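Everything on this sheet refers to the single structure shown next.
Nothing in this text is a laboratory measurement; each read-out follows from the coordinates by a stated rule. The model shown is predicted, which means the values in this text are computed figures rather than measured ones. Glycine gets a Cβ as well: all are built from the backbone with ideal geometry, and neighbour counts include every protein chain shown.
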């Protein structure tokens, strides 16, 4: 397991850092992303970051 901070070069997102954990299985296989938030509208923010 490793961890770090995602940062962005776009001026609007400059200074934003999002923590992440990277867990690798012993064998290759499908990938899964788990996103946690406190508010229902946080999903739309993730969609915008990934657009």
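Please tell me if residue 32 is free of Cβ contacts under 8 Å to residues at least 24 places away in the same chain and either touching a helix residue (DSSP H, G or I) at 6+ places or on another chain (Cβ under 9 Å) or at positive phi (or both). Full working, then the answer.
On the way: free of Cβ contacts under 8 Å to residues at least 24 places away in the same chain: yes; either touching a helix residue (DSSP H, G or I) at 6+ places or on another chain (Cβ under 9 Å) or at positive phi (or both): no.
Spelling it out, it is not the case that residue 32 is free of Cβ contacts under 8 Å to residues at least 24 places away in the same chain and either touching a helix residue (DSSP H, G or I) at 6+ places or on another chain (Cβ under 9 Å) or at positive phi (or both).
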Exercise. Applying the selection to region 7-38, what residues are under 12 Å from the mean Cα position of the chain (by Cα) and in a loop (DSSP other than H, G, I, E, B)?
Worked result: 8, 16, 32, 33, 34, 35, 36, 37
Problem set entry | Residue count for region 14-48, restricted to those that are surrounded by 10 or more Cβ atoms within 10 Å (Cβ to Cβ) and touching a strand residue (DSSP E or B) at 6+ places or on another chain (Cβ under 8 Å) | 4
